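Novice: Let me begin by handing over the structure; questions about it come next.
Coordinate-derived values only; no laboratory data. What you see is a predicted model; the values in this text were computed from it and never measured. Here the Cβ positions follow ideal geometry from the backbone for every residue, glycine too, while neighbour counts run over all protein chains shown.
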Amino acid sequence: MSQLGLRMTYDDPPKGGKHAGVARSTVLPIIGSLVALGLVALMAIVGIRAVAGGPNDYEGDGSGTVSVVVNPGDSIRQIGKTLASAGVVATSDAFVTAAQGDSRSSGIAPGTYNLRSGMSAQSAISLLLDPTARDVKRLVIPEGWRADKILTTASKVTGLPLADLKAAYGHASDLGLPKYANGNAEGFLFPATYEFGPKATADDVIKAMIKRFNKEAASINIESAAAARGLTPLELVTMASILEVETPPAVYDKGARVLSNRLDKHMRLQLDSTVNYALGTQDLQLSAEQLNTDSPYNTYKHKGLPPGPIGSPGDAALQGALNPAKGDWLYFLTTDPATQTTEFATTYDEFLALKRKYQANVG
């Protein structure tokens, strides 16, 4: 037992005279009562929190629908304040406490969510982690798509007017488009999966795709890497866009070597894909009239690469353009379109043999 205060009994004579003794006898009981009341209050608070499990919290899954936005960079505390302000959870403290006990809460992503009023903090966390609760439009852009198809698809998915998306595309230079693109965003709407909330604008959609391209370009140091290949960044993206259409991913590097070898020998590239782009078609076999199309994208008539990309290349095609395989091939041909089998040749006679093989496969 502690010995503190054992000698301070009421039997001890007061110091300082009679009046001092009276003051002590009056004050001490008051102080004792206040301390006792404070302890009772503290115990009551502790008891309430022990029963409630922490800060004030709702019970159950709530009701109705409440739209809540989690912004990029929001902390758990900020998310809790947003939810409490919207009436989703009782208090931000309840949400923070629940999040601290649930390691999954670190996976709450930015976005717009459809939650409910009067939810327990734990129920709110569970719903925030449920992909079906996110009010987003998911736009998937495959490699090789042209801008016109991307814009049309984006309009259907997001509900934004196609005219607005075309307008945003037209002023892409204001939305992060690299200067070396020369104001033309074709090839710079990076193929990927995008999520857009209900308040996304046409500018937001185009800006997101260009931002994703810029991120990829930075990761491969596109300007210096292209220079090391003797190309401008625009030429590199253009070559990659051709590879997307002309060859399967497994042979992007060999396709890049064919293009480079022909360019080095000042040969026309003679690519159906660039003529198709000029015509706005995707024909497997082009007529003599089509091959005579008057366009700078007609690589049967004009030497060198076309003036710009013919679609949006992905990472693999960009890497293929940057790292061509070693070889002296001058031709490639998809000999079996059904299986995407592409073969390579060094001489024109070998190319003719591949052409006969193709004709046999397509009938």
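Novice: Over the alpha-carbon set of region 198-257, work out the extent along each principal axis and list the three values in angstrom, largest first.
Specialist: 45, 26, 16
Novice: Dipole of the chain, Cα-centred, from +1 at each Lys and Arg C-beta and -1 at each Asp and Glu C-beta, to the nearest 20 debye?
Specialist: 920 debye
Novice: Taking R0 as 35 Å, what FRET efficiency do you get between Ser173 and Ala325 from their Cβ-Cβ distance, rounded to the nearest 0.05?
Specialist: It comes to 0.50.
Novice: For Thr247, Thr274, Thr65, what ranking results if the residue with the fewest other Cβ atoms within 10 Å of its Cβ goes first?
Specialist: So the ranking, lowest neighbour count to highest, is Thr65, Thr247, Thr274.
Novice: Whole angstrom only: what separates the Cα centroid of region 218-282 from the Cα centroid of region 69-93?
Specialist: For region 218-282 versus region 69-93, the Cα centre distance is 49 Å.
Novice: Right, another one. Net charge around Val275, counting only other residues with Cβ within less than 13 Å of its Cβ (Lys, Arg = +1; Asp, Glu = -1)? Working shown, then result.
Specialist: Details: positive: Arg268, Lys301; negative: Glu246, Asp272, Asp283, Glu289, Asp294.
In short, -3.
Novice: Okay, moving on. Only residues of region 182-208 count here: report those whose backbone N is under 15 Å from the spot 7 Å along Cα→Cβ of Ile220, or say none.
Specialist: 187-192
Novice: Determine which lysines satisfy two conditions relative to Lys357: a Cα distance under 24 Å, and not lying fewer than 8 residues away in the same chain.
Specialist: Partners found: Lys254.
Novice: Which FRET efficiency, nearest 0.05, do Leu162 and Asn56 yield, Cβ-Cβ r, R0 41 Å? Numbers along the way, then the final one.
Specialist: Numbers: r = 49 Å, r/R0 = 1.20.
Taking R0 as 41 Å, the efficiency between Leu162 and Asn56 is 0.25.
Novice: Also: To test your reading of the geometry: what angle, between 0 and 90 degrees and rounded to tens, separates the Cα axis of helix 252-264 from the longest principal axis of the chain?
Specialist: The angle comes out near 50 degrees.
Novice: Give me the percent relative contact order of region 147-292, please, defined on Cα pairs under 8 angstrom at least 6 residues apart. Could the numbers behind the result be given before it?
Specialist: On the way: 101 pairs, mean separation 22.8, N = 146.
It comes to 16 percent, rounded to a whole number.
Novice: Stretched out fully, how many nm does the piece from Asp315 to Ala250 gain, at 0.36 nm a residue minus the Cα gap?
Specialist: Here the answer is 22.1 nm.
Novice: Taking Cα atoms, how many degrees apart are the long axis of helix 233-246 and the longest axis of the chain, rounded to 10 and kept between 0 and 90?
Specialist: It is inclined by approximately 70 degrees.
Novice: Subtracting the Cα-Cα distance from 0.36 nm times the residue separation, let me have the gained length for Lys265 to Ser106 in nm, one decimal.
Specialist: Additional length available on full extension: 51.6 nm.
Novice: Compare the Cα positions of Ser85, Asn292, Leu129 along the charge dipole of the chain (+1 at Cβ of Lys, Arg; -1 at Cβ of Asp, Glu; about the Cα centre) and return the one farthest towards the positive end.
Specialist: Ser85
Novice: Over the chain, what is the relative contact order in whole percent, taking alpha-carbon pairs under 8 Å and six or more residues apart?
Specialist: For the chain, the relative contact order is 12 percent.
Novice: So how do Met267, Met209 line up by other beta-carbon neighbours within 10 Å, fewest first?
Specialist: So the residues, fewest neighbours to most, are Met267, Met209.
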